[in-house]
């Protein structure tokens, strides 16, 4: 049974980017040893987009499918304002059919996406769906 997901970000300055994730974004972390932080993430969802070829990243001897990370928020403009007060650099806000988006600049110079979805999300759907009915146990007569 799958119990979670573990994302790998590759960075030219991993220590600075780890500090950014902890201090600027407020992600909780555990130290796996030697300052190697592993972060708890908010609930996530996965979308598979069509592509002419597979975008791959070699890892552990395998060509694993690559990914693009977008963090999600409910109000992008308010989130950007809050992050800006913490010294986070963002790009211009772009509006698209699927959402309102920007990117966050990490200390390493890398960027990750941040967006306010305008489409239905699996996260919201899960919180809105009704609880599954409990199975009724038959009593022996």
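Relative to the longest principal axis of the Cα atoms of the chain, helix 14-23 runs at roughly 60 degrees.
Helix 76-85 and the longest principal axis of the Cα set of the chain meet at an angle near 50°. Under 19 Å from a label point set 7 Å out along the Cα-to-Cβ vector of residue 105, the amide N atoms of segment 5-28 belong to 11-25.
Segment 62-76 and segment 5-61 have Cα centres lying 9 Å from one another. Taking other C-beta atoms within 10 Å as the exposure proxy, 70, 115 rank 70, 115 from fewest upward.
With viscosity set to 1.002 mPa s and temperature to 20 °C, compute the Stokes-Einstein D of segment 53-96, Rh being the Kirkwood radius across alpha carbon pairs; µm²/s, no decimals. Translational diffusion coefficient: 160 µm²/s. Legend: translational diffusion of the chain by Stokes-Einstein, Rh = Kirkwood radius over C-alpha pairs, 10 °C, 1.306 mPa s; D = 88 µm²/s. Taking all C-alpha pairs of segment 11-82, those more than 19 Å from each other amount to 56 percent. Among 30, 48, the ranking by other beta carbons within 10 Å of each residue's beta carbon, starting with the fewest, stands as 48, 30.
All of the numbers you see were taken from the coordinates with simple rules; none came from a lab. Since the structure is predicted, the reported quantities are computational estimates derived from the model, not experimental observations. Glycine gets a Cβ as well: all are built from the backbone with ideal geometry, and neighbour counts include every protein chain shown.
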